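Have a look at the structure below before the remarks.
The values are calculated or read from the model by the stated rules, or taken from the named source; none is laboratory data. Since we're looking at a predicted model, the values are computed, not measured. Ideal geometry is used to build each Cβ from the backbone, glycine not excepted, and the neighbour counts take in all protein chains shown.
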Amino acid sequence: MGAKDLAEKNLLQYKDVFSDIVNVNLFGGRCYVSAKELSREPGELITKAVSDDKLRQLQMDVPMKCKKHNRSFFLCLENQSDKNNVMPVRDMGYQHAKYMEQIKEVKESNRKTGNYPTPMTKELNDSQKLSPVITLVLNYSQKEWEKPRCLNDMLKFPEDMKCELEPWIPSYSVCVINLASQPETTIRQYQSDFKYIVRYLCCGNDRKKLDEYFQTTEFELDHPEAFLDWLSAVTNDTRYRKAKELIEETEGKGGKINMCVLLDMYEERGMEKGLEKGMEKGMEKGMEHGLDVAFNILKLSRIGMTENEIAEELCVSEEVVHKFSHIYS
């Protein structure tokens, strides 16, 4: 599994983020599912194929169970960095495995209590119902996922029989969320750290929009490390990961940071040292040194030293000190 996939899963495993995505995209922004009502489900499902009686393993990205009003339903968020042409069949596999798992549990309970259906061929009693299973596919790509969105999109019918055959095949639609093209009215409904991800994706590859996004956004994060890991994986830029050390904690939870000023700091110090060394390795070392300087500025400013005193202590310009200290002013 790639770094991007792991970073996406890591952020979505937080229940407040998971419930936020579900509420916006299933319930129109209404807070129907709360984090407290969610419990994590195993990401692996073991099934047995009828054809050869061999065990199979199905991997689900982030599945959870929601218990509400003494009833439960299952939700799964599937992360996709690009369109997958077999997604309808994959989702059928997830859903089939999850429903069969429930059937197995009910039948085992019936066996233990002697609550067998009559006749036995029913397998379950008439009153025994299963919990719904819902999958949301999150498309992080800049390209709109148009097809396939249902099983019929994957099928090639004989030309002279399509009209007769098609009505007999269940559609098995998949719920795809094209994050990069969500309208502003939808984006405003996000309450968790995921709102910063959707905003970022909506900028596309437009440098001007990205610059404006970083310059005007105050990142108040509940899960700063997970968010920065995601940003680092998506942009292939390790500076975001290093930024964890410079996040200002807010009342012991989460943190906030002005990403634009921070990245300017890295670039300025990295280029300065890189030019001195005259080689790529020197630039990398310079960036590391820039991080050390930024971290020390933060520590010294927190103990009450003035910008002039910090500049003298660290042998940097007052302009550099002021630029970074501004984050915490």
Given (1) more than 17 Å from ILE21 (Cα to Cα); (2) part of a helix (DSSP H, G or I); (3) within 19 Å of the chain's Cα centre (by Cα), number of the condition LYS104 does not satisfy: (3)
Residue that is nearest to GLU220 (Cα to Cα), among those in segment 159-198 that are part of a loop (DSSP other than H, G, I, E, B) and in contact with a strand residue (DSSP E or B) (Cβ under 6 Å, 6 or more places away or on another chain): ASP193
Where a residue in segment 205-216 is free of Cβ contacts under 8 Å to residues at least 60 places away in the same chain and its partner, wherever it lies, is surrounded by 11 or more Cβ atoms within 10 Å (Cβ to Cβ), with Cβ under 6 Å and at least six apart: LYS209/CYS203; LEU210/CYS203; TYR213/CYS203; PHE214/MET259; PHE214/CYS260; GLN215/CYS260
Residue match in segment 183-201 (condition: crowded, with 17+ Cβ neighbours inside 10 Å, at pLDDT 90 or above and acidic (Asp, Glu)): yes
Matching residues in segment 189-212 - criterion: being in contact with a Leu (Cβ under 6 Å, 6 or more places away or on another chain) and over 16 Å from THR235 (Cβ atoms): ASP193
Test: residue in segment 32-49 that is out of contact with any Cys (no Cβ under 7 Å at 6 or more places or on another chain), surrounded by 15 or more Cβ atoms within 10 Å (Cβ to Cβ) and among the hydroxyl-bearing types (Ser, Thr, Tyr): yes
Number of positions in segment 296-329 that are among the β-branched types (Val, Ile, Thr), at pLDDT 80 or above and in a helix (DSSP H, G or I): 1
Set VAL24, VAL89: member being surrounded by 13 or more Cβ atoms within 10 Å (Cβ to Cβ), out of contact with any Ser or Thr (no Cβ under 6 Å at 6 or more places or on another chain) and over 29 Å from TYR240 (Cβ atoms): VAL89
Odd one out for GLN95, checked against (1) touching an Asp or Glu at 6+ places or on another chain (Cβ under 9 Å); (2) surrounded by 17 or more Cβ atoms within 10 Å (Cβ to Cβ): (1)
Qualifying residue in segment 30-40 (condition: in contact (Cβ under 8 Å) with a residue 24 or more places away in the chain and assigned to a helix (DSSP H, G or I)): yes
Residue match in segment 116-139 (condition: touching a Ser or Thr at 6+ places or on another chain (Cβ under 6 Å) and either of a type outside the set (Phe, Trp, Tyr) or surrounded by 12 or more Cβ atoms within 10 Å (Cβ to Cβ) (or both)): yes
Residues located in segment 1-20, provided they are more than 9 Å from the chain's Cα centre (by Cα) and under 16 Å from SER39 (Cα atoms): TYR14, LYS15, ASP16, SER19, ASP20
Only listed residue being in contact with an Asp or Glu (Cβ under 9 Å, 6 or more places away or on another chain), farther than 24 Å from LEU228 by Cβ and part of a loop (DSSP other than H, G, I, E, B), chosen from LYS129, LYS143, LYS156: LYS143
Filter result for LYS65 (outside any strand (DSSP E or B) and modelled with pLDDT of 85 or more): no
Qualifying positions in segment 218-240 - outside any helix (DSSP H, G or I) and either closer than 24 Å to GLN13 by Cβ or among the small types (Gly, Ala, Ser) (or both): PHE219, GLU220, LEU221, ASP222, HIS223, ASN236, ASP237, THR238
Odd one out for SER232, checked against (1) small (Gly, Ala, Ser); (2) at pLDDT 85 or above; (3) touching a Ser or Thr at 6+ places or on another chain (Cβ under 8 Å): (2)
Matching residues in segment 70-101 - criterion: being of a type outside the set (Gly, Ala, Ser), more than 19 Å from the chain's Cα centre (by Cα) and assigned to a strand (DSSP E or B): ARG71, PHE73
